[in-house]
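A.B. asks: After the C-alpha coordinates below, expect a handful of questions from me.
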Amino acid sequence: MATAHDVAAYIVEELGPVTPMKLQKLLYYCQAWHLVCEGARLFNEDMEAWPHGPVVRSVYVQHAGTRNRVTSWPSGSSASVAGASAELIKAVLAQYGSLTAAQLRNLSHSEAPWDDAHATGSKIIADSAMREFYAEELDTAMDLRLAEQAERTPEPSATLDEVAAELGWW
(Lines give C-alpha, C1' and ligand atoms only; values in the text may rest on other atoms or scores of the structure.)
Protein backbone atom coordinates (compact mmCIF):
# COMPACT_ATOMS: atom_id res chain seq x y z
CA MET A 1 0.00 0.00 0.00
CA ALA A 2 1.23 3.47 -0.86
CA THR A 3 1.66 6.12 1.80
CA ALA A 4 0.10 9.57 1.72
CA HIS A 5 3.59 10.85 0.85
CA ASP A 6 3.76 8.52 -2.16
CA VAL A 7 0.38 9.77 -3.35
CA ALA A 8 1.46 13.39 -2.77
CA ALA A 9 4.55 12.75 -4.93
CA TYR A 10 2.34 11.19 -7.61
CA ILE A 11 -0.08 14.14 -7.58
CA VAL A 12 2.71 16.70 -7.89
CA GLU A 13 4.31 14.67 -10.67
CA GLU A 14 1.01 14.47 -12.58
CA LEU A 15 -0.25 18.05 -12.05
CA GLY A 16 2.93 20.03 -11.58
CA PRO A 17 3.27 22.67 -8.85
CA VAL A 18 0.31 22.95 -6.46
CA THR A 19 -0.35 24.89 -3.30
CA PRO A 20 -0.15 22.98 -0.02
CA MET A 21 -3.90 23.42 0.51
CA LYS A 22 -4.72 22.09 -2.95
CA LEU A 23 -2.44 19.09 -2.38
CA GLN A 24 -4.26 18.30 0.88
CA LYS A 25 -7.69 18.47 -0.72
CA LEU A 26 -6.60 16.30 -3.65
CA LEU A 27 -5.26 13.72 -1.19
CA TYR A 28 -8.69 13.73 0.46
CA TYR A 29 -10.57 13.18 -2.80
CA CYS A 30 -8.13 10.45 -3.85
CA GLN A 31 -8.66 8.67 -0.52
CA ALA A 32 -12.45 9.09 -0.64
CA TRP A 33 -12.87 7.82 -4.21
CA HIS A 34 -10.47 4.93 -3.57
CA LEU A 35 -12.68 3.88 -0.66
CA VAL A 36 -15.69 3.91 -3.00
CA CYS A 37 -14.14 2.33 -6.09
CA GLU A 38 -11.65 -0.10 -4.57
CA GLY A 39 -13.30 -0.72 -1.21
CA ALA A 40 -10.12 0.06 0.71
CA ARG A 41 -7.89 2.92 1.72
CA LEU A 42 -5.40 4.27 -0.80
CA PHE A 43 -3.03 5.12 2.06
CA ASN A 44 -3.12 4.33 5.78
CA GLU A 45 -2.95 7.85 7.19
CA ASP A 46 -6.18 9.34 8.54
CA MET A 47 -7.95 12.31 7.01
CA GLU A 48 -8.46 14.96 9.67
CA ALA A 49 -11.18 17.65 9.73
CA TRP A 50 -9.26 20.92 10.08
CA PRO A 51 -10.81 24.40 9.78
CA HIS A 52 -9.73 24.78 6.13
CA GLY A 53 -10.83 21.29 5.15
CA PRO A 54 -9.46 17.75 5.16
CA VAL A 55 -5.77 17.32 6.00
CA VAL A 56 -3.29 14.46 6.27
CA ARG A 57 -1.24 15.52 9.30
CA SER A 58 2.02 13.81 8.23
CA VAL A 59 1.90 15.60 4.88
CA TYR A 60 1.03 18.91 6.54
CA VAL A 61 4.13 18.65 8.74
CA GLN A 62 6.28 18.59 5.59
CA HIS A 63 4.90 21.89 4.24
CA ALA A 64 3.89 23.67 7.47
CA GLY A 65 4.69 27.36 7.56
CA THR A 66 4.83 27.88 3.81
CA ARG A 67 2.30 28.84 1.19
CA ASN A 68 4.77 28.33 -1.64
CA ARG A 69 3.72 25.97 -4.38
CA VAL A 70 4.83 22.40 -3.87
CA THR A 71 7.01 21.53 -6.86
CA SER A 72 8.18 18.09 -5.75
CA TRP A 73 7.60 15.67 -2.90
CA PRO A 74 10.88 13.97 -1.99
CA SER A 75 9.32 12.36 1.12
CA GLY A 76 7.41 9.95 -1.11
CA SER A 77 7.87 7.87 -4.23
CA SER A 78 5.38 8.17 -7.09
CA ALA A 79 6.63 4.75 -8.27
CA SER A 80 4.85 3.22 -5.26
CA VAL A 81 1.52 4.17 -6.86
CA ALA A 82 0.57 1.80 -9.67
CA GLY A 83 -2.22 -0.16 -11.32
CA ALA A 84 -5.83 0.58 -10.44
CA SER A 85 -4.76 3.08 -7.79
CA ALA A 86 -2.79 5.12 -10.32
CA GLU A 87 -5.71 5.07 -12.76
CA LEU A 88 -8.10 6.17 -10.04
CA ILE A 89 -5.83 9.05 -9.01
CA LYS A 90 -5.65 10.18 -12.64
CA ALA A 91 -9.46 10.16 -12.79
CA VAL A 92 -9.66 12.18 -9.56
CA LEU A 93 -7.14 14.68 -10.92
CA ALA A 94 -9.11 14.95 -14.16
CA GLN A 95 -12.22 15.77 -12.12
CA TYR A 96 -10.77 18.01 -9.41
CA GLY A 97 -7.31 19.05 -10.61
CA SER A 98 -8.41 22.21 -12.42
CA LEU A 99 -10.10 23.60 -9.29
CA THR A 100 -8.25 26.09 -7.13
CA ALA A 101 -7.35 25.40 -3.52
CA ALA A 102 -10.15 27.72 -2.39
CA GLN A 103 -12.68 25.96 -4.63
CA LEU A 104 -11.61 22.58 -3.28
CA ARG A 105 -11.82 23.86 0.30
CA ASN A 106 -15.31 25.24 -0.33
CA LEU A 107 -16.37 22.00 -2.00
CA SER A 108 -15.13 19.85 0.86
CA HIS A 109 -16.85 22.19 3.33
CA SER A 110 -20.16 21.71 1.50
CA GLU A 111 -19.99 17.92 1.75
CA ALA A 112 -21.10 15.81 4.69
CA PRO A 113 -17.90 13.89 5.60
CA TRP A 114 -15.84 16.97 6.52
CA ASP A 115 -18.84 19.00 7.69
CA ASP A 116 -20.12 16.31 10.06
CA ALA A 117 -16.68 15.53 11.50
CA HIS A 118 -15.87 19.23 11.94
CA ALA A 119 -19.27 20.05 13.46
CA THR A 120 -18.96 17.28 16.06
CA GLY A 121 -15.38 18.21 16.93
CA SER A 122 -14.05 14.90 15.63
CA LYS A 123 -10.50 15.13 14.38
CA ILE A 124 -10.84 12.13 12.09
CA ILE A 125 -13.08 11.95 9.03
CA ALA A 126 -14.37 8.38 9.14
CA ASP A 127 -13.69 6.13 6.17
CA SER A 128 -17.31 4.98 6.36
CA ALA A 129 -18.56 8.57 6.08
CA MET A 130 -16.44 9.17 2.98
CA ARG A 131 -17.39 5.85 1.40
CA GLU A 132 -21.13 6.32 1.99
CA PHE A 133 -21.26 9.96 0.86
CA TYR A 134 -19.24 9.56 -2.33
CA ALA A 135 -20.90 6.25 -3.23
CA GLU A 136 -24.22 8.10 -3.10
CA GLU A 137 -22.70 10.89 -5.23
CA LEU A 138 -21.63 8.26 -7.75
CA ASP A 139 -25.09 6.67 -7.79
CA THR A 140 -26.70 10.08 -8.34
CA ALA A 141 -24.30 10.90 -11.18
CA MET A 142 -24.99 7.55 -12.83
CA ASP A 143 -28.76 8.06 -12.52
CA LEU A 144 -28.45 11.50 -14.12
CA ARG A 145 -26.34 10.13 -16.93
CA LEU A 146 -28.85 7.37 -17.64
CA ALA A 147 -31.68 9.92 -17.62
CA GLU A 148 -29.78 12.14 -20.06
CA GLN A 149 -29.20 9.19 -22.37
CA ALA A 150 -32.87 8.29 -22.23
CA GLU A 151 -33.82 11.85 -23.17
CA ARG A 152 -31.52 11.72 -26.20
CA THR A 153 -32.96 8.42 -27.41
CA PRO A 154 -35.91 9.28 -29.61
CA GLU A 155 -39.15 7.54 -28.90
CA PRO A 156 -40.47 5.64 -31.89
CA SER A 157 -43.31 7.54 -33.49
CA ALA A 158 -44.97 4.41 -34.80
CA THR A 159 -45.05 0.77 -33.86
CA LEU A 160 -43.54 -1.92 -36.06
CA ASP A 161 -47.02 -3.12 -36.95
CA GLU A 162 -48.03 0.38 -38.11
CA VAL A 163 -44.92 0.78 -40.26
CA ALA A 164 -45.34 -2.74 -41.70
CA ALA A 165 -48.99 -2.03 -42.57
CA GLU A 166 -48.02 1.25 -44.28
CA LEU A 167 -45.44 -0.58 -46.36
CA GLY A 168 -47.95 -3.28 -47.22
CA TRP A 169 -45.94 -6.02 -45.56
CA TRP A 170 -49.06 -7.37 -43.89
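The values are calculated or read from the model by the stated rules, or taken from the named source; none is laboratory data. The structure presented is a predicted model; accordingly, all values stated were derived computationally and were not measured. Heads up, the Cβs are rebuilt from the backbone with ideal geometry, glycines too, and the neighbour counts pull from every protein chain shown.
A.B. asks: Of the conditions (1) assigned to a loop (DSSP other than H, G, I, E, B); (2) buried (at least 23 other Cβ atoms within 10 Å of the Cβ), Glu45 clears all except one; give me its number.
C.D. replies: All conditions pass for Glu45, except number (2).
A.B. asks: For the list (1) in contact (Cβ under 8 Å) with a residue 60 or more places away in the chain; (2) of a type outside the set (D, E, K, R); (3) touching a strand residue (DSSP E or B) at 6+ places or on another chain (Cβ under 9 Å), I need the number of the one condition that Tyr96 fails.
C.D. replies: (3)
A.B. asks: A further question follows. Kindly indicate whether Asn68 is modelled with pLDDT of 95 or more and surrounded by fewer than 15 Cβ atoms within 10 Å (Cβ to Cβ).
C.D. replies: no
A.B. asks: Among the listed residues Ala165, Ala129, Ala86, which satisfies the condition of being at pLDDT below 95 and either on the phi < 0 side of the Ramachandran plot or out of contact with any Asp or Glu (no Cβ under 8 Å at 6 or more places or on another chain) (or both)?
C.D. replies: Ala165
A.B. asks: Against the condition surrounded by fewer than 19 Cβ atoms within 10 Å (Cβ to Cβ), touching a His at 6+ places or on another chain (Cβ under 7 Å) and in contact (Cβ under 8 Å) with a residue 40 or more places away in the chain, how does Leu88 come out, does it pass?
C.D. replies: Against the criterion (surrounded by fewer than 19 Cβ atoms within 10 Å (Cβ to Cβ), touching a His at 6+ places or on another chain (Cβ under 7 Å) and in contact (Cβ under 8 Å) with a residue 40 or more places away in the chain), Leu88 qualifies.
A.B. asks: Quick check on this structure: which one of Leu93, Leu99 is surrounded by 12 or more Cβ atoms within 10 Å (Cβ to Cβ), within 13 Å of the chain's Cα centre (by Cα), in a helix (DSSP H, G or I) and of a type in the set (A, V, I, L, M, F, W, C)?
C.D. replies: That would be Leu93, the only listed residue that is surrounded by 12 or more Cβ atoms within 10 Å (Cβ to Cβ), within 13 Å of the chain's Cα centre (by Cα), in a helix (DSSP H, G or I) and of a type in the set (A, V, I, L, M, F, W, C).
A.B. asks: Name the pairs whose Cβ atoms lie under 8 Å apart, with the first residue in segment 36-62 and under 16 Å from Ile11 (Cα atoms), the second among the aliphatic types (A, V, I, L, M) and surrounded by fewer than 16 Cβ atoms within 10 Å (Cβ to Cβ), and 6 or more positions between them or separate chains?
C.D. replies: Here the result reads Leu42/Met1; Phe43/Met1, each pair linking segment 36-62 to a residue that is among the aliphatic types (A, V, I, L, M) and surrounded by fewer than 16 Cβ atoms within 10 Å (Cβ to Cβ).
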